[in-house]
Amino acid sequence: MSAEKFQNPVVRWIDHRLPVFSMLDHEKYDYPVPKNLNYMWNFGVLAGLSLAIMIITGIVLAMSYTAHVDYAFDAVERIMRDVNHGWMIRYIHMNAASFFFVVVYIHIFRGLYYGSYKAPRELLWILGVVIFLLMMATAFMGYVLPWGQMSFWGATVITNLFSAIPVVGDSIVTLLWGGFSVDNPTLNRFFSLHYLMPFVIAGVVVLHIIALHRFGSNNPIGIDASGPQDTISFHPYYTMKDMVGIAVFLLLLAMAVFFFPNAMGHPDNYIPANPLQTPAHIVPEWYFLPFYAILRAVPDKLGGVLLMFGAIAVLFVLPWLDRSPVRSARFRPLFRIFFWLLLIDAVVLGYLGGKPADGIYVVLSRIATAWYFLHFLVILPLLSVFETTKPLPKSISEPVLGASKGAA
Amino acid sequence: MAKSDTKKMTASKRPEDPGRRDFIVIATNAMAGLGAVAVAWPLIDQMNPAADTLALANIEVDVSKIAEGQSITVKWRGKPVFIRHRTEDEIARASATDMSDLRDPESDQARAEKPDYLVLVGVCTHLGCVPLGQKTGEVRGDYDGWFCPCHGSHYDTSGRIRKGPAPTNLEVPPYTFLSDSVIRIG
Ligand code: HEM
Ligand code: FES
């Protein structure tokens, strides 16, 4: 029935039996997208692109990598020196991991600003937080693979977090290690899981997109499209707009890979792992720093671990903490101020996470941690009740066409 | 169709026993659940230490060559073990400590079989870094024992936690003196 849509007879033959082309076509042309999306809406596609880059470079790296404590470090050095283009492939994998997190953090804050987590997109948001968690687990395990000092001690500190769990904590840690310390069994299973998890992420991304296409994208003014006059088709309009973002993204990634490949890494990871000596100052990868700061802000071991996981857990229940019916911060004057404060707070936490845990840094970490939770658990619920929001436009077209016809 | 028929039958013709079918369904599901757990367990338990890992679990060390006031670090089960030949002063301070000053109260006598030699697992009980204080010249913290640089835990001359985020004392591994100079750890 829909096969007539296609000119190419091969495509038509296949589509009649396996309607993949119809499905793609449907997403591309029939999928209405609000016409007012700004560049913040590029980051979903960029996240997908990052995942694809990670999977492709990762599979290629795995062809020359050896997951064994005696060979892993040398295998990565061999990739860097001897394997054809190995240095480039590894630097892409390393830097694209950081870029992936930059993109996802922007994507998340975009959602926070425009209220994209609100009904009916709660599950879409929750699936996003699940992806974020899986990414963190994947990146953590990937960082262990080169088996440098930071790999080893990062793995030790992070797996030890689970020892804070009462009663069963130590057994869980032994289970994770497969021994009495981070050692060969740990490296092996981390490689196995590091290989697997990106594909699990890809699966959750599919669910994320199914949920997205149920109600379509949110948009900068946060009201639903009232009809065809408010939307345009994804292709060619947003495919083109996404291409612009992709070009900038790839340009910046290439700059990092070719000119500053180690800027976001830690030099100690070029020292082979030594289980008998901890580096003087251990820090996780930059994208974990805000959470690391929260962990260290609490003087109690279990408390620190709980708060750190709690910082992500609040994101899961966010749709029920912020009950304001208005989505976009554009119409929420107070919420907007608090949004920027939260963003600053997150950056400050990130900065503090990279500093030694003493003196003023600890005090500041505590204040910033308190603010983080205050924002989600107290301020947002209160704002939903007490904030006076600005009047919403009647439709997506109104603010544009109503103001000045020429400017549209 | 068949399902609703049976339901009707159970409900109307055997009013004395309405829960019977539910019971069968629940019991079947419970059995299937048990089966799933039984299958999952080996898949999870394979992650625990393997037999050869467990077999490497003890070592022997000659401690007679450690001069007073010096420490050595040996590797046991992949972890550093600190063996310190303590000075008189260190021993005196460790045993004079008031129990009420300790977060994890334990007497020095209970921690060192022979007070001259203190044997500790050199792993911070916070998140597993190796504390400093083994080599001469390293920072040893406010209590002149060991200091963990990762998040700032201070241990005293008996390896007990005094300050910082670590919840418990440095662990004393199981060990025995095979002779005056040789100990077996593990
Ligand atoms: C979500 C996607 C992924 C993320 C966030 C990620 C992250 C990372 C990170 C941070 C490293 C450490 C880089 C370094 O400092 O050297 C790494 C290493 C590695 N990854 Fe991935 N990775 C992903 C996907 C994959 C996939 C699909 C494979 C395929 C097998 C893979 C294979 C490897 C290998 C072999 C290494 C060790 C070589 C090296 O250190 O460069 N990765 N990964
Ligand atoms: S690991 Fe020693 S203080 Fe945290």
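Some notes on this structure:
- Number of residues in region A:174-197 that are within 25 Å of B:VAL123 (Cα to Cα), buried (at least 21 other Cβ atoms within 10 Å of the Cβ) and within 14 Å of ligand 1 (Cβ to nearest atom): the value is 2.
- Among residues of region A:287-300, those that are surrounded by fewer than 18 Cβ atoms within 10 Å (Cβ to Cβ) and modelled with pLDDT of 95 or more, counted: 0
- Qualifying position, being out of contact with any Cys (no Cβ under 9 Å at 6 or more places or on another chain) and surrounded by 14 or more Cβ atoms within 10 Å (Cβ to Cβ), among A:VAL314, A:VAL363, A:VAL347: A:VAL314
- Region B:19-48, subset touching a helix residue (DSSP H, G or I) at 6+ places or on another chain (Cβ under 9 Å) and at pLDDT 90 or above, residue farthest from B:VAL119 (Cα to Cα): B:ILE44
- Hits in region B:50-79 (condition: modelled with pLDDT of 90 or more, crowded, with 16+ Cβ neighbours inside 10 Å and part of a loop (DSSP other than H, G, I, E, B)): B:VAL63, B:ILE66
- Out of B:ALA92, B:ALA96, sole residue that is surrounded by fewer than 13 Cβ atoms within 10 Å (Cβ to Cβ) and not aromatic (Phe, Trp, Tyr): B:ALA96
- Region A:216-244, residues that are of a type in the set (A, V, I, L, M) and surrounded by fewer than 18 Cβ atoms within 10 Å (Cβ to Cβ): A:ILE232, A:MET240, A:MET243, A:VAL244
- Failed item, numbered, when A:VAL76 is tested on (1) closer than 19 Å to A:ILE106 by Cβ; (2) touching a helix residue (DSSP H, G or I) at 6+ places or on another chain (Cβ under 8 Å): (1)
- Among the residues listed as B:HIS85, B:HIS126, the single one being within 13 Å of ligand 2 (Cβ to nearest atom) and either assigned by TED's automatic domain parsing to the domain that holds B:GLN70 or touching a residue at least 24 places away in the same chain (Cβ under 8 Å) (or both): B:HIS126
- Set A:THR57, A:THR66: member being at pLDDT 95 or above and not in a helix (DSSP H, G or I): A:THR66
- Checked against the criterion of being at negative phi and more than 23 Å from the chain's Cα centre (by Cα), the candidates A:ASN36, A:ASN95, A:ASN42 yield just one match: A:ASN36.
- Hey, A:LEU61 more than 14 Å from chain B (Cβ to nearest Cβ), surrounded by 19 or more Cβ atoms within 10 Å (Cβ to Cβ) and within 11 Å of ligand 1 (Cβ to nearest atom) or not: yes
The values are calculated or read from the model by the stated rules, or taken from the named source; none is laboratory data. Nothing here was measured: the structure is a model prediction, and the numbers come from that model. Note: ideal-geometry Cβ built from the backbone for every residue, glycine included; neighbour counts use all protein chains shown.
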